[in-house]
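Everything on this sheet refers to the single structure shown next.
The values are calculated or read from the model by the stated rules, or taken from the named source; none is laboratory data. Just so it is clear, the structure is predicted and the values come from calculations on it, not from any experiment. Neighbour counts are summed over all protein chains in view; Cβ atoms, including those assigned to glycine, are modelled from backbone coordinates with ideal geometry.
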Amino acid sequence: MPATRKVIPIAPDTRSPARPGEAAQAVPQLSASPPLALYVHYPWCVRKCPYCDFNSHTVRDATPAHTDVPADLEHAYIDALIADLEHALPQVWGRRVHSVFIGGGTPSLMRAASLDRLLQAVRSLLMLDPMAEITLEANPGTFEHARFADYRAAGINRLSIGIQSFSDAHLHAIGRIHDGAQARRAVDIALRHFERVNLDLMYALPGQDIAQALSDVDTALALGVGHLSCYHLTLEPNTPFHHAPPALPDDDSAADMQEAIEARLAAAGFEHYETSAFARPEQHCRHNLNYWTFGDYLGIGAGAHGKLSSHAGIVREMRHKHPMRYLEAAARHDFVQERREVRAHELPFEFMMNALRLTGGVTFDLFSARTGLPLDCVEARVRSARQQGLLELIESDTPAGRRTLLRPSPKGQRYLNDLLGLFLDD
C-alpha cells in the first residue's frame, strides 16, 4: 500500500529572525553511531581524461595494449592499504561495515590476486556485513572476461563502469581511451558476472544535442543495466578542459538535455532518487546512500577522504594525496595528511549538502541523529527555504511509523546551490 503523505503548512514565525549562519554552538551529542562504510582509493589510470579533477595518476609506460601497473608497485600499494586499515582500526573498532567502494583512478587495472588479498584483509580486520555491497569502479578499456570473473569470485558484487558515452565522436572529444564498441562489450561482460551494474553517462558534451544524449541513455536501457548515473560535463579548475575549454552546449540546451533524460528514464521505470542517480527497484547504490544520509565512512588509500563520528564529535580526514608520498608515509605509519574536527556551526550545511541531494528527502529527525544537534538549530533556515518554495516538509507513513520528511521541492532540485546557500554559516 503506498504511503500517505500530507504537506505540512508553513507556520508563522513569531520569533526574532535568525541570521542565516546562526546555529547552536553546543558540542554535538550523537545518541548512536551512524552506519559505517569503507572507501578504498586506487589512484592509477591508463591516461588522465582532460575533464578529470580526481586524484588519478597515469601508469608508467602505459599504452592501450599494456595497461598494468608494475607488479612491485601494486604489491607495495596493497601492503600500504592493509597497513592503513590496521592503523585506523581503533577509530572504528566494533562497528559493522555495511558497504565497500573501491574507486579511483581505474581500480579495474588491479590484478585479481591483488584485489583478493585486499578483500581478505578487509574481512579479517573489519566486521564486514555478510550482505555488504562491495563495488568496484571499472573503465571499458580494461575489460577481460577472466579478470572480471575473478573479481566476482573475490567478492565484488556490484560494478560501476565509466562509459560516459557510446558515441565514438563524443568519446574522442572528451579524451576517453575506449570507443563505443568497447563500451558495449564491457557492459555485456559485466552483466554476465554481476547482477548489479551502474553506468556513468555524461551529457552536454562538446557538439552534443538532445537526440544524441538520449541515444546514449536508450543504448544503456537496451543493454539492461539497473542503475545509471547521469552527469553534466563540467569544466573543473586545474584540468586541461578548464585551461582550454571545448565548445559546449549552452545552459538552456544542457537543461533541456537533463529534463529529457529524466523523462526518458522515468518512463523506463527508473526512480530519480538522487541528483544524478537513477535506479530500478532494489538497485539503489547503498554506499552512496550512506554518504547522502550523512553516514560515516573510513577512507584508505592515496588522497582518500573519511568522516567518522564518536562521543568526542565528528572528524574529517584526508590521506596523503600523491601515491608515492602515500607510500613514503606508509613506511612511517603516518597515513593521515589532514584531520580536522567538524565544528557544531558547520554541521547544518554539511548535513544538508548531502541529504538534499536525495530527491525523496530524509526524515527530519535524521538531522539530530546524524549531527547531534537539536532541530531548532535549523528551524529558521528551513522556514526560509520553504517560504522561497525550495524545500518541503511532508508527513508520511513509513515502516517506522508516521514521520516528517524533509525534501527539496522541484524548484529546490533545480536551484540546489541556492537552497544549500541558506544553510551556510556566515
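Can you name the strands (runs of 3 or more DSSP E) wholly within the stretch 209-305 that have at least 3 residues being in the same structural domain as residue 95 (by TED's automatic domain parsing), at pLDDT 95 or above and not charged (D, E, K, R)? First the steps, then the outcome.
Working: elements: 227-232, 271-274, 277-279, 296-300.
It comes to 227-232, 277-279.
Taking the criterion of being modelled with pLDDT under 95 and not hydrophobic (A, V, I, L, M, F, W, C), the only residue of the stretch 147-168 that qualifies is 147.
Where residues in the stretch 368-404 are in a helix (DSSP H, G or I) and among the acidic types (Asp, Glu), which of them is farthest from residue 341 (Cα to Cα)?
The first filter runs over the stretch 368-404 and keeps only residues in a helix (DSSP H, G or I), leaving 368-371, 375-377, 379-387.
Restricting the remaining residues to those that are among the acidic types (Asp, Glu) gives 376, 379.
Details: 376: 22, 379: 24 Å.
Looking at the filtered set, the residue picked out is 379.
Screening the candidates 325, 319, 332 for the property of being under 23 Å from the mean Cα position of the chain (by Cα) and either under 23 Å from residue 78 (Cα atoms) or not small (Gly, Ala, Ser) (or both) yields one hit, 319.
Listed by position, the strands (runs of 3 or more DSSP E) enclosed by the stretch 122-205 that each have at least 2 residues that are surrounded by fewer than 17 Cβ atoms within 10 Å (Cβ to Cβ) and on the phi < 0 side of the Ramachandran plot are 127-138. Of the residues making up the stretch 89-106, not a single one is touching a Leu at 6+ places or on another chain (Cβ under 6 Å), among the small types (Gly, Ala, Ser) and either assigned by TED's automatic domain parsing to the domain that holds residue 228 or without any contact (Cβ under 8 Å) to a residue 12 or more places away in the chain (or both). Kindly indicate which of 72, 79 is without any contact (Cβ under 8 Å) to a residue 12 or more places away in the chain, surrounded by fewer than 22 Cβ atoms within 10 Å (Cβ to Cβ), farther than 26 Å from residue 285 by Cβ and of a type outside the set (Ser, Thr, Tyr). Only one candidate passes the filter, namely 72.
Among the residues that make up the stretch 234-253, is at least one of them under 19 Å from the mean Cα position of the chain (by Cα) and surrounded by 15 or more Cβ atoms within 10 Å (Cβ to Cβ)?
Going through the stretch 234-253, the residues under 19 Å from the mean Cα position of the chain (by Cα) turn out to be 234-236.
Among the residues that remain, those that are also surrounded by 15 or more Cβ atoms within 10 Å (Cβ to Cβ) are: 235.
Yes, the conditions are met somewhere in the stretch 234-253.
Being closer than 25 Å to residue 298 by Cβ, surrounded by 14 or more Cβ atoms within 10 Å (Cβ to Cβ) and touching a helix residue (DSSP H, G or I) at 6+ places or on another chain (Cβ under 9 Å): is that true of residue 320 here? The answer is yes for residue 320.
Among the residues of the stretch 160-187, those identified as more than 23 Å from the chain's Cα centre (by Cα) and closer than 14 Å to residue 246 by Cβ are 169, 170, 172, 173. Taking the stretch 280-316 as the region of interest, how many residues are among the aliphatic types (A, V, I, L, M), more than 24 Å from residue 119 (Cα to Cα) and surrounded by 23 or more Cβ atoms within 10 Å (Cβ to Cβ)? Selection size over the stretch 280-316: 1.
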